[in-house]
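The values are calculated or read from the model by the stated rules, or taken from the named source; none is laboratory data. None of these values were measured; they are calculated from a predicted model. All Cβ positions, even for glycine, are placed from backbone atoms using ideal geometry, and neighbour counts span all protein chains on display. Surface accessibility is based on the protein's heavy atoms, side chains included, excluding ligands, DNA and RNA. Shrake-Rupley method; radii C 1.70, N 1.55, O 1.52, S 1.80 Å.
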Amino acid sequence: MGVDKDAKIFVAGHRGLVGAAVVRALKKDGYNNLVMKTHKELDLTRQAAVEEFFDTEKPAYVILAAAKVGGIHANSTYPAEFIAVNLQIQTNVIDAAYKSGVKKLLFLGSSCIYPKFAQVPIVEESLLTGPLEATNEWYAVAKIAGIKMCQAYRLQYNFDAISGMPTNLYGPHDNFHPENSHVLPALIRRFHEAKVNGAKEVVVWGSGSPFREFLHVDDLAEATVFLLQNYSAHEHVNMGSGSEVSIKELAEMVKEVVGFQGQLTWDTSKPDGTPRKLIDSSKLANMGWQARIPLKEGLAETYKWYCENYNV
Ligand SMILES: NC(=O)C1=CN([C@@H]2O[C@H](COP(=O)(O)OP(=O)(O)OC[C@H]3O[C@@H](n4cnc5c(N)ncnc54)[C@H](OP(=O)(O)O)[C@@H]3O)[C@@H](O)[C@H]2O)C=CC1
Ligand SMILES: C[C@H]1O[C@H](OP(=O)(O)OP(=O)(O)OC[C@H]2O[C@@H](n3cnc4c(=O)[nH]c(N)nc43)[C@H](O)[C@@H]2O)[C@@H](O)[C@@H](O)C1=O
């Protein structure tokens, strides 16, 4: 296996949380022949444009990190967009990549593909063994279709398409939107604004009892490049940090990192989502990869990035 350092690699979604980190990781590893297109330059939901792009650029490798992404509120509020846009992007890119002669494609899914009450830590084989979590089932169905499409193209066409399933991610270039983002960037912003405005309390969604596994995006990006270089098989691969925290613990950590002195209150009218979704990443560990950035450290670094990049 392995990937030549001068290979042409298309990083789809290079301005997002994951795509930007993948570009950093590839460059750090000596890959500089990267193809990148903004959403404005190439709308991946447009099949003809995607086919033309692949026929013209002829990348040898593809990392598919472009998707419609959001937290629990966005997933529940825009179900049609989450299923349609994600199915369109991944179908167009996987199909055009195969047809234009791409050597290998890596599709990124999400740990929300697993059943709501799957036994934790969740192994890859738990896929399609039970009902999905309602708040993100539309997005999950699209991601499951992406895995299956990679498998089908491998089976029928011998196309080297692989799938990685990341856990909840965070880091620089995250989406800090107050409603549509994931919990970690949302809390960084809310605690920071409360500190700056001298507020006495910060409202956190749900009960605080769900657990989430967080992985720093630089770890995820390294794991992505590692899989591209070292893995070519039918089954998808979990990509996690191996440790989980409750949302209550996370909120306390963010409060401390930001330096907010007031109270926390819980808005239990907001959904909790999946109770636990720690994934079993031993398959990836057995190949020789492990996460290295502890949550506290990654959180402090992400808060610093937020302060330097957002004028609030
Ligand atoms: N963030 C997380 O916690 C997790 C993410 N993942 C997966 O990782 C991948 C990347 O997610 P993440 O980086 O967080 O998401 P982001 O929203 O940060 O980035 C997604 C990127 O995709 C681009 N994009 C979206 N729609 C289109 C389109 N129609 N045409 C071209 N580009 C488009 C966006 O551009 P623009 O902003 O201009 O639209 C953006 O650059 C996704 O597949 C996601 O499912 C998996 C697990 C957890
Ligand atoms: C990665 C994964 O991420 C999504 O699933 P999720 O893990 O449930 O997403 P989340 O980060 O938005 O919430 C995690 C927990 O945190 C609580 N919570 C508290 N306060 C805030 C808050 O202020 N914002 C948000 N968003 N959540 C909050 C919230 O109530 C929930 O209990 C999928 O939709 C899908 O995108 C996906 O694949």
Quick one: compute the contact order of region 98-238, relative version, from alpha carbon pairs under 8 angstrom and 6+ residues apart, as a percent.
-> 31
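So what is the relative contact order for the chain, in percent, with contacts set as C-alpha pairs under 8 Å and at least six apart? Please list the in-between numbers first.
Values: 607 pairs, mean separation 63.0, N = 312.
Normalised by residue count, the contact order of the chain is 20 percent.
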Could you state the per residue volume, in Å³, of the convex hull enclosing the Cα atoms of region 173-312?
-> 116
R0 = 41 Å: FRET efficiency of GLU252 with ALA285, Cβ-based, nearest 0.05?
-> 0.90
With 0.36 nm assigned to each residue of separation and the Cα-Cα distance removed, ALA49 to THR268 gains 74.4 nm
A student applying the Cα gyration tensor rule (rounded when a/c is under 1.5; otherwise prolate if a/b is larger than b/c, oblate if not) would label region 40-122 oblate
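Provide the per residue accessible area, probe 1.4 Å, for region 128-271, rounded to a whole number of square angstrom.
That works out to 39 Å² for each residue.
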Can you tell me how much longer the chain between ALA134 and VAL196 gets when fully stretched, taken as 0.36 nm per residue apart minus their C-alpha distance, in nm with one decimal?
-> 18.7 nm
Taking the Cα atoms of the chain, what is the range of coordinates along each of the three principal axes, in descending order and whole Å?
-> 58, 42, 38
Any idea what the relative contact order of region 1-136 is, in percent, if you count C-alpha pairs under 8 Å spaced at least 6 apart?
-> 24
DSSP beta bridges in the chain [antiparallel fraction, %, rounded to 5] = 10
Which Cα, out of VAL237, LEU278, VAL254, lies furthest along the positive dipole direction of region 237-300 (beta carbon charges, K/R +1, D/E -1)?
-> VAL237
Short version: ³J(HN,Hα) in whole Hz for each residue of region 299-310, in order, from phi by Karplus 6.51 cos²θ - 1.76 cosθ + 1.60 (θ = phi - 60°), x for Gly and Pro, what are they?
-> 5, 4, 5, 5, 5, 4, 4, 4, 4, 7, 10, 10
What is the Cα centroid distance between region 122-167 and region 278-312, reported in whole angstrom?
-> 23
Helix 217-230: inclination vs the chain longest Cα principal axis, degrees, rounded to 10, gives 20
First compute the accessible area of the chain with a 1.4 Å probe, then give the percent of it belonging to carbon and sulfur atoms.
-> 50
Enumerate lysine pairs in region 1-135 that are 8 or more residues apart or on different chains, then count those whose Cα atoms are under 13 Å apart.
-> 9
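Can you pull the percent of Cα pairs in region 161-238 with separation above 16 Å? Working shown, then result.
Numbers: 1879 of 3003 pairs.
Considering region 161-238, 63 percent of its Cα-Cα pairs are separated by more than 16 Å.
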Phi to ³J(HN,Hα) by Karplus 6.51 cos²θ - 1.76 cosθ + 1.60 over region 271-282, Hz, x for Gly, Pro = x, 7, x, 4, x, 8, 8, 4, 9, 8, 9, 5
If you take the charge dipole of region 15-146 about its Cα centre, with +1 on Lys and Arg Cβ and -1 on Asp and Glu Cβ, which of ILE89, VAL35, PRO131 is farthest toward its positive end?
-> VAL35
